[in-house]
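The values are calculated or read from the model by the stated rules, or taken from the named source; none is laboratory data. Keep in mind that what you see is a predicted model, and the values were worked out from it rather than measured. Every residue, glycine among them, receives a Cβ derived from its backbone with ideal geometry; neighbour counts consider all protein chains shown. Heavy atoms of the whole protein, side chains included, go into the accessibility calculation; ligands, DNA and RNA do not. Shrake-Rupley method; radii C 1.70, N 1.55, O 1.52, S 1.80 Å.
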Amino acid sequence: MAGVTRSNPFRQSPAARLGWLAVAAYVIYGFGAMDLNWARFVDGLGHGARLLDRMFPPNFDRWEILLHDLIESLQIAVIASVAGIFISLFVGLLAARNLMPALVTSPARVLIAVCRTFHPVIIAILFVKAVGFGALAGILTLVVASVGFIAKLFAEAIEEISLKQVEAIRATGAGFVSVILFAVLPQVFSRFIGFSTYQLDSNLRNSTMVGLVGAGGLGGTLFAAFQRFDYDFVTAILLTIIALILVGEALSNAVRRVFQ
């Protein structure tokens with residue numbers, strides 16, 4: 001229409017332009033500070049080509065070791081997921097600010113924050129030092145990771161529920177447990193299943209990674225194969241890990257279909 005002034009949605013303020021320039025300058029500085037250059041990249045391509053040549057064909061001669069470690073990784077992931085999901089139910093409920101007083105939610109949220117602070121490898125190192133090498137350290141590591149992820153999302157899901165159902169159940173004189181079972185959980189159950197299946201999938205991946213520091217599973221065998229420059233066996237291990245993740249993805253999809 002005539003006389004109507006249209007503003008340019010892509011027009012940026014001087015401050016925004018200055019910010020983009022600062023980001024670009026920092027990226028350039030970072031490349032220089034870390035000695036990243038084209039010659040180094042090209043040299044790396046040559047090393048990578050030689051590595052790939054040594055990795056194929058994969059060597060499955062030691063399939064017994066692969067099978068044993070695969071089963072161990074699967075056991076670590078499943079046990080840690082079940083324990084982590086069970087604990088997260090209570091921690092997430094305690095962290096929900098629309099159901100619990102601040103005296104309860106604050107410690108619960110601090111616990112969730114602590115569980116989310118460190119990478120699983122760092123937590124695995126601590127547990128390996130505490131309980132020794134093996135699957136127990138891996139299980140404890142993934143339980144902590146599960147609580148940090150699921151409890152946070154579960155608490156946020158509870159805080160988004162409609163309180164009308166809660167008030168209706170309370171009006172009947174029902175106790176706190178009944179309110180949770182019949183007013184809260186039905187509203188968040190499908191989302192909790194989604195969180196849980198995602199965490200199971202994540203734990204399957206992490207169960208192979210924590211083994212790099214001695215927390216059981218395929219990771220330890222993978223690290224040892226790299227140490228021996230046994231690259232064809234490395235490829236076999238990597239393919240086994242891919243198969244494990246694909247199985248986990250199929251399992252997660254099956255669980256979602258059951259509860260949909």
task = Mind counting the residues in segment 40-64 that are part of a helix (DSSP H, G or I) and among the polar types (S, T, N, Q)?
result = 0
task = Evaluate the following for ILE180: is it under 12 Å from the mean Cα position of the chain (by Cα) and in contact (Cβ under 8 Å) with a residue 60 or more places away in the chain?
result = no
message = Looking at (1) surrounded by 10 or more Cβ atoms within 10 Å (Cβ to Cβ); (2) more than 19 Å from PHE226 (Cβ to Cβ); (3) at pLDDT 80 or above, which one does LEU36 not meet, given that it meets all the others?
response = (3)
query = What is the residue count in segment 75-102 for residues that are in contact with a helix residue (DSSP H, G or I) (Cβ under 7 Å, 6 or more places away or on another chain), open to solvent by less than 80 Å² (accessible area, probe 1.4 Å) and either farther than 13 Å from ALA151 by Cα or not in a helix (DSSP H, G or I) (or both)?
reply = 7
query = Taking the condition more than 15 Å from PRO120 (Cα to Cα) and either more than 20 Å from the chain's Cα centre (by Cα) or not in a helix (DSSP H, G or I) (or both), does ALA215 pass?
reply = no
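With respect to LEU200, is the statement that it is in a helix (DSSP H, G or I), under 22 Å from PHE154 (Cβ atoms) and either modelled with pLDDT of 85 or more or charged (D, E, K, R) (or both) true?
Criteria met by LEU200.
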key: Filter result (open to solvent by 30 Å² or more (accessible area, probe 1.4 Å) and assigned to a helix (DSSP H, G or I)) within segment 221-240   = PHE223, ALA224, PHE226, GLN227, TYR231, ASP232, LEU238, LEU239
query = Does THR208 fit the bill of being closer than 29 Å to SER73 by Cβ, in a helix (DSSP H, G or I), among the β-branched types (Val, Ile, Thr) and modelled with pLDDT under 85?
reply = yes
message = Considering only segment 163-174, I want to know if a residue exists there that is closer than 28 Å to VAL78 by Cα and open to solvent by less than 20 Å² (accessible area, probe 1.4 Å).
response = no
request  = Report yes if LEU246 is under 21 Å from ALA80 (Cα atoms), touching a residue at least 24 places away in the same chain (Cβ under 8 Å), in a helix (DSSP H, G or I) and of a type outside the set (Gly, Ala, Ser), otherwise no.
outcome  = no
